[in-house]
């Protein structure tokens, strides 16, 4: 496995089972290093400044005081009302899944946040628009869209049908809208994807990130 480029350090104040299967590995594939707070000594150690803290809702009162401005994502196993703490960037149910945790991390930490995790791929795709047919390769994929390499230049705004197989035994048929072109690739935004397509793409992207 390749060494990940660490971009952000997340302090974890939750047990391993509070994260969904494969979530930690997928986040690490994206450059988020998750460090258990227990390895740093005291639970409320204010001398450590990670980029963000993942905290069980039962332990919020044990964190450093509110002068510590490190953002927090709360993991909960029950219904939680409003949490009166300006550091809280989001609340997710346990076990926290990649698809729900990632956009909260992006909004809390990134200047230009993404709504969905993206993974590099090389998947053949078939495109159809009216009576036109052409082939391409999906070279980057997320729940919200993809990067398609093909010889066909698409004008921004053009919509067409995109069909591609996922290496998890699923075929995805989806409507796509062309965005800007980058070299020999077009950025595509998916239009009203079905829930089954979103689940399949999310599962594949997470598995792919784990192997990076």
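Derivation of every value follows stated rules applied to the coordinates shown; laboratory data play no part. On a predicted model such as this, the values are computed, not experimentally measured, just so you know. For neighbour counting, all protein chains shown are included, and Cβ atoms are generated from backbone atoms with ideal geometry for every residue, glycine included.
Quick notes on this structure:
- Compared with the dominant Cα axis of the chain, that is its longest principal axis, helix 195-210 is turned about 70°.
- The gain in end-to-end length when the residue 192 to residue 78 segment is fully stretched comes to 38.0 nm, 0.36 nm per residue minus the alpha carbon separation.
- Rg over Rh [alpha-carbon atoms, Kirkwood Rh] for the stretch 106-180: 1.00
- With contacts taken as Cα pairs under 8 Å at a separation of at least 6 residues, the chain carries a relative contact order of 17 percent.
- Relative to its Kirkwood radius, the Cα radius of gyration of the stretch 22-163 gives an Rg/Rh of 1.13.
- Shown is the FRET efficiency for residue 137 and residue 33, computed with R0 = 35 Å from the Cβ-Cβ distance and rounded to the nearest 0.05: 0.65.
- Among 202, 142, 173, the residue with the largest mean-square fluctuation in a Gaussian network model of the chain, with springs joining Cα atoms closer than 10 Å, is 173.
- Placing a label point 7 Å from the Cα of residue 175 along the Cα-to-Cβ direction, the residues of the stretch 123-140 whose backbone N falls under 15 Å from that point are 128-130.
- Folded to 0 to 90 degrees: helix 98-109 orientation relative to the chain principal axis, Cα: 70 degrees
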